[in-house]
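The values are calculated or read from the model by the stated rules, or taken from the named source; none is laboratory data. Keep in mind it's a predicted model, so treat the numbers as computed, not measured. We place every Cβ from the backbone using ideal geometry, glycine too, and count neighbours over all the protein chains shown. When the accessible area is computed, the model is the full protein with side chains, heavy atoms only, and any ligands, DNA or RNA have been set aside. Shrake-Rupley method; radii C 1.70, N 1.55, O 1.52, S 1.80 Å.
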Amino acid sequence: MVTVARIRELAMSLPRTEEALVRDRVKFRVRGLVYLALSPDETELGLAYPKLERAALIEAEPDLFFMPIPSDERFNWVRAHLAALEHDRMEELVIDAWRMVVPKGVAADHLARRSTSLD
């Protein structure tokens, strides 16, 4: 199971990310664009995800992913149960969500440095 501490550590390592507390929810954003949000009880993670691909994701993994609240359905957003989320998948989802809100050049530079450091 993924912990909130691991999510925070990864999110805060991504360029231009800031953490905010909004209506009892911890959110991670870049210049006001939220890409991650934890539920108040920290059992769910909302994340930026292409809304045109959301239904297929939820259908493929219904034990992990579920729809956002109705008022958020118009956004590129999906939610996940933290208890069902594995660490490697969390990293992939968080980085992909961050890439949706950060300038492409910033993402490319960061990912190039990251792949170099993993070699």
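Within the stretch 1-58, can you find the residues that are β-branched (Val, Ile, Thr) and within 11 Å of the chain's Cα centre (by Cα)? Walk me through how you get there before you give the answer.
Looking only at the stretch 1-58, we keep the residues that are β-branched (Val, Ile, Thr), and these are 2-4, 7, 17, 22, 26, 30, 34, 43, 58.
Ile7, Val34, listed by residue number.
Sort out which residues of the stretch 13-35 are open to solvent by 40 Å² or more (accessible area, probe 1.4 Å) and under 19 Å from Pro68 (Cβ atoms), and write them in order of number.
Val22, Arg23, Asp24, Arg25, Lys27, Arg29, Gly32, Leu33, Val34
Please count how many residues of the stretch 96-108 are surrounded by 18 or more Cβ atoms within 10 Å (Cβ to Cβ) and under 9 Å from the mean Cα position of the chain (by Cα).
Residues that pass the stated criteria total 2.
Identify, please: which residue in the stretch 36-93 is open to solvent by less than 70 Å² (accessible area, probe 1.4 Å) and charged (D, E, K, R) and is, among those, farthest from Glu18 (Cα to Cα)?
Glu61
Step by step: first the residues of the stretch 69-87, then only those that are under 13 Å from the mean Cα position of the chain (by Cα) and not in a strand (DSSP E or B), then the one that is nearest to Met100 (Cα to Cα). Which residue is that? Break it down stepwise before answering.
Step one: of the stretch 69-87, the residues under 13 Å from the mean Cα position of the chain (by Cα) are 76-82, 85, 87.
Still in the running and not in a strand (DSSP E or B): 76, 82, 85, 87.
Details: Asn76: 9, Leu82: 21, Leu85: 20, His87: 20 Å.
Applying the filter and picking the extreme gives Asn76.
Look at Glu53 and say whether it is over 18 Å from Phe75 (Cα atoms) and not in a loop (DSSP other than H, G, I, E, B). Before the answer, list the steps.
On the way: over 18 Å from Phe75 (Cα atoms): no; not in a loop (DSSP other than H, G, I, E, B): yes.
Taking the combined requirement at face value, the residue does not satisfy it.
Can Pro68 be described as out of contact with any strand residue (DSSP E or B) (no Cβ under 8 Å at 6 or more places or on another chain) and without any contact (Cβ under 8 Å) to a residue 60 or more places away in the chain?
Against the criterion (out of contact with any strand residue (DSSP E or B) (no Cβ under 8 Å at 6 or more places or on another chain) and without any contact (Cβ under 8 Å) to a residue 60 or more places away in the chain), Pro68 does not qualify.
If you check Val78, Val94, which single one turns out to be touching a Pro at 6+ places or on another chain (Cβ under 7 Å) and under 22 Å from Arg8 (Cβ atoms)? Give the steps one after another, and end with the answer.
Working: Val94 fails: touching a Pro at 6+ places or on another chain (Cβ under 7 Å).
The unique qualifying residue is Val78.
Hey, any hits in the stretch 14-30 for a residue that's small (Gly, Ala, Ser), part of a strand (DSSP E or B) and without any contact (Cβ under 8 Å) to a residue 60 or more places away in the chain? Even if it seems obvious, please write down each step before you answer.
Within the stretch 14-30, the subset small (Gly, Ala, Ser) is 20.
Keeping just the survivors that are part of a strand (DSSP E or B) gives 20.
Next, from what is left, pick out any that are without any contact (Cβ under 8 Å) to a residue 60 or more places away in the chain: 20.
Within the stretch 14-30 (the criterion being small (Gly, Ala, Ser), part of a strand (DSSP E or B) and without any contact (Cβ under 8 Å) to a residue 60 or more places away in the chain), the answer is yes, since at least one residue qualifies.
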